[in-house]
């Protein structure tokens, strides 16, 4: 086996593991671990890019390299899965912040009237301001 092929397989394994670990960290909402994994993912991708570039410069990619490229496609799908989860979580946080900002936006709107009912907006003042 060519040493570059062995190194590329190891890089794909590291990348795949980092993506799976990132997915678990995203589900656990562990931002520190997600951030820490970025270095590992970048290093594995950079190494793969360099190895494939070198191999292409030497000639065509044989069947072993083509199979490895297909494995990288699986990593790409894992990355998309992680990106989707991260985007959904970010949207949820933004919606929550928006709701909190609207509630405490300093508009002087009362949220509840004296009877504990949701106040209706009347201009800049709340319904509970009889």
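Nothing in this text is a laboratory measurement; each read-out follows from the coordinates by a stated rule. Since this is a predicted model, take the numbers as computed values, not measurements. In this analysis, Cβ positions are derived from the backbone assuming ideal geometry, glycine residues included, and neighbour counts consider all displayed protein chains.
Structural remarks
- Cβ crowding within 10 Å ranks 88, 75 as 88, 75, fewest other Cβ atoms first.
- Here segment 27-53 and segment 65-97 have alpha carbon centers that stand 12 Å from each other.
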